[in-house]
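One structure is given below, encoded as structure tokens.
The values are calculated or read from the model by the stated rules, or taken from the named source; none is laboratory data. This one's a predicted model, so the numbers in the text were calculated from it and none came from an experiment. Reconstructed Cβ throughout: ideal geometry from the backbone, glycine too, with neighbour counts over all protein chains shown.
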Amino acid sequence: MKPIPFNALAKYLELYHNNQTLVSGVAIDSRLLQAGDLFFALPGSHVDGHDFLEMVAAKGAAGAVVREDYRGGMFGLPVLHVPDVLVALQELARKSLEKRDSKVIAITGSLGKTTVKEFAATLLRGSFKVFASPLSYNSQATVPLSILMADETEDYLLLEMGMTHKGDLANLIRIAPPDIALLTTVAIQHAVNFSDGLTGISREKASIFSHPKTELGLMHHDIQYFDEVVSTGSCPKKSFSTTSTAADYHLEVRGEGVRIRVKGEDPIEIPLSLPIKAHYHNFLAAVALARTLDVPWSKIYEAADLICLPAMRFEKIEKQGVLFINDAYNANPDSMRAALEGLPKPESGGKVIAVLSEMDALGMYTEGGHALVAETALQYADLLLCVGSRCETMRKIWKREKKPVLLFETRKDLEASLVEHVKSGDVVLLKGARAYALDQILENILTDPL
């Protein structure tokens with residue numbers, strides 16, 4: 001963010017203030033605030049940002065945005081009172097973006113948003129100045145935060161856009177209308193909020209193509225309801241696939257590399273090794289974006305060597321002869337099955353232990369989704385340790401097949417059981433809903449002997 005006087009920033013929100021302190025950044029988390037940041041006191045499900053004003057003042061905040069009925073201490077901070085702090089953050093981002101020349105690339109999808117974004121940033125940075133939203137910032141609060149974090153001179157902003165409820169994407173598109181929109185895939189994530197299931201999820205995801213400013217849409221060729229999705233919005237669409245040669249971009253894994261075919265062009269071969277099939281799909285999506293922006297194949301070839309996965313996406317960590325696979329960022333039936341199918345074989349005498357949590361927000365797909373994962377795990381794992389009451393479906397299936405399975409109420413109990421069962425030569429997959437933070441198991445185990 002370019003430094004801006006507090007009173008000039010207030011005008012963006014149609015407010016008046018005479019303080020001219022320079023604001024050099026924005027923050028919504030008091031723990032991450034830097035001196036000179038403007039703090040937005042957002043309400044939360046567990047904490048309220050207004051309770052941390054004294055802390056941010058002590059850390060050197062340039063000011064704060066608070067709700068209009070707040071009458072607590074200001075602690076020497078210049079303050080802007082607004083009806084809704086989140087809406088104020090969103091409007092500041094929207095108006096800031098309107099004044100820039102940067103183009104917006106919006107990436108949405110039920111799976112793979114962060115990975116595609118990181119892969120695409122790697123491929124584009126040799127040709128353009130690019131800002132990619134940090135971590136998995138894709139919510140109603142973190143998308144505008146990402147926009148305000150950029151220094152305003154970028155050629156392209158790579159923004160993830162997530163959704164939990166109907167209308168979420170529409171609001172993010174209003175804040176940051178995409179010049180190019182990319183849909184990674186559609187799956188039954190957040191299905192609990194869509195009474196019509198995958199049909200409604202597909203319709204909502206397709207809205208990423210609906211803004212009249214959007215010049216091109218890139219999408220997964222093999223998704224369900226392809227015809228309905230491709231007809232959404234007036235922008236032309238191009239598709240990518242690792243299975244169908246009918247797509248505009250097709251990738252085939254060949255030994256230690258890939259062959260990419262683009263309609264009307266000769267095939268290109270690139271050395272590349274990724275852990276599981278889904279990662280090649282994500283790489284192809286990034287390539288389609290790069291080629292859309294005329295990045296030369298020579299630069300894509302060079303940049304492919306720099307490709308790396310985000311944290312907690314099939315990270316391999318070895319301790320005392322045990323190979324841990326940390327894929328604990330999120331979970332739905334598709335990502336669970338993909339992780340299981342991609343597990344490496346254990347050493348001779350070793351076993352595969354699947355440490356899985358229940359999957360939340362699946363709605364009408366809850367029982368069927370857990371059953372699909374259990375059936376897949378039967379093929380690739382020797383022992384199943386799971387946590388959460390929804391995993392009862394999985395436990396029953398494994399019991400029926402007379403394979404060893406244990407179901408726990410808490411992550412702590414699961415961790416104690418894992419320590420008892422794991423031995424040198426084993427492969428352990430950690431995969432679950434973010435609420436269970438199964439990566440913490442790995443962190444605890446790594447600090448103690450097995």
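The set of residues in the stretch 134-145 being free of Cβ contacts under 8 Å to residues at least 60 places away in the same chain, surrounded by fewer than 23 Cβ atoms within 10 Å (Cβ to Cβ) and over 13 Å from the mean Cα position of the chain (by Cα) consists of GLN140 alone. If you go through the stretch 101-137 and keep only what is farther than 19 Å from PHE283 by Cβ and β-branched (Val, Ile, Thr), you end up with just VAL104. Scanning the stretch 415-450 for residues that are surrounded by fewer than 16 Cβ atoms within 10 Å (Cβ to Cβ), modelled with pLDDT of 90 or more and charged (D, E, K, R) yields a count of 2. For first residues located in the stretch 315-334 and within 13 Å of LEU429 (Cβ to Cβ), partners that are of a type in the set (Ser, Thr, Tyr) and surrounded by fewer than 18 Cβ atoms within 10 Å (Cβ to Cβ) and lie 6+ apart or on another chain with Cβ distances below 9 Å form the pairs VAL322/SER424. Only strands (runs of 3 or more DSSP E) whose full extent lies in the stretch 279-381 are considered here, and the ones with at least 1 residues that are surrounded by fewer than 18 Cβ atoms within 10 Å (Cβ to Cβ) are 315-319. Considering SER357, SER348, the condition of being among the polar types (S, T, N, Q) and touching a Phe, Trp or Tyr at 6+ places or on another chain (Cβ under 9 Å) is satisfied by SER357 alone. Taking the condition over 30 Å from THR199 (Cα atoms), more than 30 Å from the chain's Cα centre (by Cα) and not assigned by TED's automatic domain parsing to the domain that holds SER136, does GLU443 pass? No. Restricting to the stretch 396-412, and then to whatever is part of a helix (DSSP H, G or I) and either touching a Phe, Trp or Tyr at 6+ places or on another chain (Cβ under 8 Å) or modelled with pLDDT of 95 or more (or both), can you tell me which residue is surrounded by the most Cβ atoms within 10 Å (Cβ to Cβ)? Result: TRP398. A count restricted to the stretch 382-395 and to residues that are out of contact with any Ser or Thr (no Cβ under 7 Å at 6 or more places or on another chain), assigned to a helix (DSSP H, G or I) and not acidic (Asp, Glu) stands at 5.
Each row is one residue, and each column tells you yes or no for (1) touching a Gly at 6+ places or on another chain (Cβ under 9 Å); (2) assigned by TED's automatic domain parsing to the domain that holds THR199.
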{"residue": "LYS263", "(1), (2)": "no, yes"}
{"residue": "PRO267", "(1), (2)": "no, yes"}
{"residue": "ALA278", "(1), (2)": "yes, yes"}
{"residue": "LEU284", "(1), (2)": "no, yes"}
{"residue": "LEU323", "(1), (2)": "yes, no"}
{"residue": "PRO346", "(1), (2)": "yes, no"}
{"residue": "SER357", "(1), (2)": "yes, no"}
{"residue": "GLY368", "(1), (2)": "no, no"}
